[in-house]
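Below is one structure, written out as structure tokens; the observations come after it.
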Amino acid sequence: MKFLTVLLPLLIICNGCLYTKGAMLKTSVLNNEADIGGELRLIMYGGNYLEDLETLAFLDIEGDEYEYIPYAPDFFYEIETHIGAEEALHKAKEFIGFHGAYSHYSVKGILNEKGNITGYEIRPYYMPLIYGEPDVLEVYYRSEGNGKVLIYVTLKSSVERIVEGDGFGHLNGGYD
């Protein structure tokens, strides 16, 4: 019965996701941070408590046709506008690096439907022995077609089981 209690809401949610409008945007690893330039909006997502794994930063290019908006309550993120690339990148790295299990970061370009970079993702990676893998986040970008791009952030389910469960969710297949 517990299985149906979990499965039914999940199916309803997934079914709703299939019929949403807008294109999903892809990311691409950025090889040279020096390619980031111009004036940016810095979006600092998460970091709300000491062990907050749902923490990352986004750099939104000011003045282009896209505006990145986290799909979360306002208290989940902060936005700073009109920041130069070097300062924004420095603040983003500082913001995502507070966690005790932090290891390193990556910078990815967020690509529009034509393959052009319209923003950047600065993602933290953690020591794999702690959470079973270094990349603990699932991040999706959906273009709404009106210049707005919604950012969806969640923990990977295997990591969520470790954090919220008995700490061994990855070893027992997630069964309680």
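The values are calculated or read from the model by the stated rules, or taken from the named source; none is laboratory data. It should be emphasised that the depicted structure is a prediction, and the values quoted were computed from it without experimental measurement. A quick note on method: Cβ atoms are made from the backbone with ideal geometry, for glycine too, and the neighbour counts reach across all protein chains shown.
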> Scanning for something surrounded by 13 or more Cβ atoms within 10 Å (Cβ to Cβ), assigned to a strand (DSSP E or B) and within 14 Å of the chain's Cα centre (by Cα), does the range 45-56 turn up at least one residue?
Replying inline: yes
>> I'd like the full set of residues that are part of a strand (DSSP E or B) and under 25 Å from P134 (Cα atoms), limited to the range 17-44.
In response: M24, L25, K26, T27, S28, V29, L42, I43, M44
> Here are some conditions: (1) at negative phi; (2) over 14 Å from the mean Cα position of the chain (by Cα); (3) assigned to a strand (DSSP E or B). H82 meets all but one. Which one does it not meet?
Replying inline: (1)
> Does the range 30-45 contain any residue that is closer than 20 Å to E160 by Cα and either modelled with pLDDT of 95 or more or of a type outside the set (K, R) (or both)?
Replying inline: yes
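Does I110 qualify as being within 26 Å of A23 (Cβ to Cβ) and either surrounded by 18 or more Cβ atoms within 10 Å (Cβ to Cβ) or modelled with pLDDT under 95 (or both)? Let's see the steps before the verdict.
Values: within 26 Å of A23 (Cβ to Cβ): yes; either surrounded by 18 or more Cβ atoms within 10 Å (Cβ to Cβ) or modelled with pLDDT under 95 (or both): yes.
Yes: the conditions hold for I110.
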> Is at least one residue of the range 6-24 modelled with pLDDT of 95 or more and surrounded by fewer than 11 Cβ atoms within 10 Å (Cβ to Cβ)?
Replying inline: no
>> Looking at L150, L129, L89, can you tell me which residue is in contact (Cβ under 8 Å) with a residue 40 or more places away in the chain, in a helix (DSSP H, G or I) and out of contact with any Leu (no Cβ under 6 Å at 6 or more places or on another chain)?
In response: L89
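With G100, G115 as the choices, which residue is surrounded by fewer than 13 Cβ atoms within 10 Å (Cβ to Cβ), out of contact with any strand residue (DSSP E or B) (no Cβ under 6 Å at 6 or more places or on another chain) and at positive phi? Spell out the reasoning first.
Values: G100 fails: at positive phi.
Going through G100, G115 in turn, just one is surrounded by fewer than 13 Cβ atoms within 10 Å (Cβ to Cβ), out of contact with any strand residue (DSSP E or B) (no Cβ under 6 Å at 6 or more places or on another chain) and at positive phi: G115.
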>> Contact list please: Cβ distance under 7 Å, first residue in the range 95-122 and touching a residue at least 60 places away in the same chain (Cβ under 8 Å), second residue crowded, with 17+ Cβ neighbours inside 10 Å and in a helix (DSSP H, G or I), pairs at least six apart or on different chains.
In response: I122/A92; I122/I96
> Any idea which residue in the range 153-176 is nearest to the chain's Cα centre (by Cα), counting only those that are of a type in the set (D, E, K, R) and either in a strand (DSSP E or B) or modelled with pLDDT under 95 (or both)?
Replying inline: E160
